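What follows is a set of notes on a single structure, which appears directly below.
Please treat every number below as a calculation from the coordinates, not as lab data. Source: prediction; values computed, not measured. Here Cβ is always computed from backbone atoms with ideal geometry, including for glycine, and neighbour counts include all displayed protein chains.
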Amino acid sequence: MNPTGFSARRPLSIAHSPDPDDAFMFYGLVKGGVLPDGWRVRHVLKDIQSLNRDALRGKYHVTAISAAAFPSVAHRYWALSVGASVGRKYGPRVVCLPENKKKLARADWSGLRIATPGPQTTALLLLRLARPGFTAVDRPFDKILDDVKNGKVDAGLIIHEGQLTYGRHGTALVLDLGRWWHGETGLPIPLGLDVVRKDLGRPMARTLARLLHESIRHAYKNQKPAVRYALRYGRGIGPAVGAKFVKMYVNRDTLDMGTEGVRSLKILYRRAAARKLISRAPVFSVFRP
């Protein structure tokens, strides 16, 4: 056993949400190819809101979380520059039935019921900044389009592959939050982050950042099997849509969010704190490979 690594007795716990882009990112780590000899991984799949809650307890060594959840866990985790899900002029989308578009055209959404994918998701934080006053109806992310279609809510806030497939459900686009954010700041929006537990120490954090970087590069070098693997976590989408979605959120910013990504996060947290949507903006830097 490598004494600095993770064995069968002490596996590296890696957690991410069950969607194609996260699966693609972690392909090299989970399916082999980049792990050091003797290391073993415990692979955990949960919806993003569950991962946000688990991160409060420091449950996993490496985990995907919503960028909006990071201020609550910054005392336990370091943010990585690699592995972020970043949208440039695109992001979570609000959709509704076509007959509801008129009432959603106003800037103040007081009294409207919007199905949302979790209280700590970046999608919800962005929507609260963009359109104040609505009532959030917390729902599993894969039930939101059905709720909109069945008229249970005025609109739905869509994440994951629903951003591409909402039209199949007879719903219409109201607002693209990535485009809204770019109009506000001129910046891309980091929606999800990968973070590493601080008790592993800085050298191990840098090692894990490097391995995740290698995992993403490995997936791109082996795109066909990596996309096939990622599609296991795509709900009702074929290879073409799956590949398109993966490339939306596993891009050059995923390999390194860079200064733009960090600046965007800091602006997001400052604005959220000013609106009392989070308790305070964290002071942080990111680990690079």
**Complete:** Counting only DSSP beta bridges fully inside the chain, the antiparallel percentage to nearest 5 is 55
**Request:** Go ahead and run the numbers for FRET between Leu277 and Asp37, Cβ-Cβ distance against an R0 of 30 Å, rounding to 0.05.
**Result:** 0.05
**Message:** Please compute the modelled spin-label separation between His75 and Gln223, points set 7 Å along Cα→Cβ, answer in nm with one decimal.
**Reply:** 4.5
**Message:** Starting from the 7 Å offset along Cα-to-Cβ, what nm value, one decimal, do you get for the label separation of Val137 and Lys102?
**Reply:** 2.1
**Prompt:** If you work out Rg/Rh (Cα atoms, Kirkwood Rh) from the coordinates, which of [x] 0.94; [y] 1.05; [z] 0.97 do you get?
**Reply:** [z]
**Sequence of Val286, Val250, Val262, Val73 once ranked by neighbouring C-beta atoms within 10 Å, starting from the fewest** = Val262, Val286, Val73, Val250
**Message:** I want to check the label-to-label distance for Arg232 and Arg202. Put each point 7 Å from Cα in the C-beta direction and report it in nm to one decimal.
**Reply:** 3.7
**Request:** Quick one: go through segment 225-263 and flag any residue whose amide nitrogen is under 18 Å from the point 7 Å out along the Cα-to-Cβ line of Ala130.
**Result:** 248-249
**Item:** Sites Phe284 and Thr185, calculated FRET efficiency, Cβ-Cβ separation with R0 22 Å, nearest 0.05
**Value:** 0.75
**Request:** In whole angstrom, note down how far apart the Cα centers of segment 187-238 and segment 101-142 are.
**Result:** 28
**Message:** For the pairs Lys224/Lys244; Lys102/Lys149; Lys31/Lys89; Lys101/Lys143, flag any whose C-alpha to C-alpha distance is greater than 22 Å.
**Reply:** Lys31/Lys89
**Item:** Fewest-first ranking of Tyr269, Tyr233, Tyr90, using other Cβ atoms within 10 Å as the exposure measure
**Value:** Tyr90, Tyr233, Tyr269
**Asked** Non-local amide H neighbours of Lys59 (under 5 Å, H modeled in plane, Pro and chain starts lacking H): which ones?
**Response** none
**Complete:** Total charge of the residues flanking Phe287 in space, meaning their Cβ is under 15 Å from its Cβ, with Lys and Arg +1 and Asp and Glu -1, is +3
**Request:** Compute the relative contact order of the chain as a whole-number percentage, counting only Cα pairs closer than 8 Å that sit 6 or more residues apart in sequence.
**Result:** 29
**Item:** From phi via Karplus (6.51, -1.76, 1.60), per-residue ³J(HN,Hα) for segment 97-113 in Hz, x at Gly/Pro
**Value:** 5, x, 6, 9, 4, 5, 6, 8, 6, 7, 6, 9, 9, 4, x, 7, 9
